[in-house]
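Input: a single structure, listed below in structure tokens.
Just so it is clear, none of the values below were taken in a lab; they were calculated from the coordinates. Remember, predicted model here, so these are calculated numbers, not experimental data. Cβ: placed from backbone, ideal geometry, glycine included. Neighbour counts: every protein chain shown.
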Amino acid sequence: MKKKRVDVNKPIGKMTRIDDFLPPPEDLIVPERTVKVTILLSESSVNVFKEFAREHHTKYQKLIRRILDKYAEKYFPQS
């Protein structure tokens, strides 16, 4: 007797349609004004950022920028 194969890619049970709750793509893009700077960092700290970025599939420059932004927000709040 043959075993019945279950296709794991097919839905299980009754399907119901849900409302689209996501905003349109153009609303997700937040334009950010940036300024290009040159900075010298230690090789070890750059390697830490590069490794973390590789593990999380992002760019290390973006991580550094976000950390600097968060630091500036906390210690130099805009009034």
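Using DSSP to call loops (not H, G, I, E or B), can you name the trypsin sites (Lys or Arg not before Pro) in the chain whose Cβ has at most 16 other Cβ atoms within 10 angstrom?
Working: sites: Lys2, Lys3, Lys4, Arg5, Lys14, Arg17, Arg33, Lys36, Lys50, Arg54, Lys59, Lys62, Arg65, Arg66, Lys70, Lys74; in loops: Lys2, Lys3, Lys4, Arg5, Lys14, Arg17, Arg33, Lys36, Lys59.
Counting only loop positions with at most 16 other Cβ atoms within 10 Å, the trypsin sites (Lys or Arg not before Pro) in the chain are Lys2, Lys3, Lys4, Arg5, Lys14, Arg17, Arg33, Lys36, Lys59.
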For the chain, what is the mean residue ellipticity at 222 nm derived from helices alone (per DSSP H run of n ≥ 4: -39500 (n - 2.57); sum divided by total residues; nearest 500 deg cm²/dmol)? -12500 deg cm²/dmol
Mind checking the angle between helix 43-55 and the chain's longest principal axis? C-alpha axes, 0 to 90 degrees, to the nearest 10. 20
Only Lys, Arg (+1) and Asp, Glu (-1) charged, at Cβ; the chain dipole about Cα centre in debye: 720
Among Ile39, Phe21, Pro77, the residue whose Cα sits farthest towards the positive end of the charge dipole of the chain (+1 at Cβ of Lys and Arg, -1 at Cβ of Asp and Glu, taken about the Cα centre) is Phe21
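From the gyration tensor of the Cα coordinates in the chain, what semi-axes in whole Å does the equivalent ellipsoid have, largest first, with each one equal to sqrt(5λ)?
Numbers: eigenvalues 392, 108, 24 Å².
Square roots of five times the eigenvalues give 44, 23, 11 Å.
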Which loop GluC sites (Glu not before Pro) in the chain, with loop taken from DSSP, have no more than 13 other Cβ atoms within 10 angstrom of their Cβ? Glu32
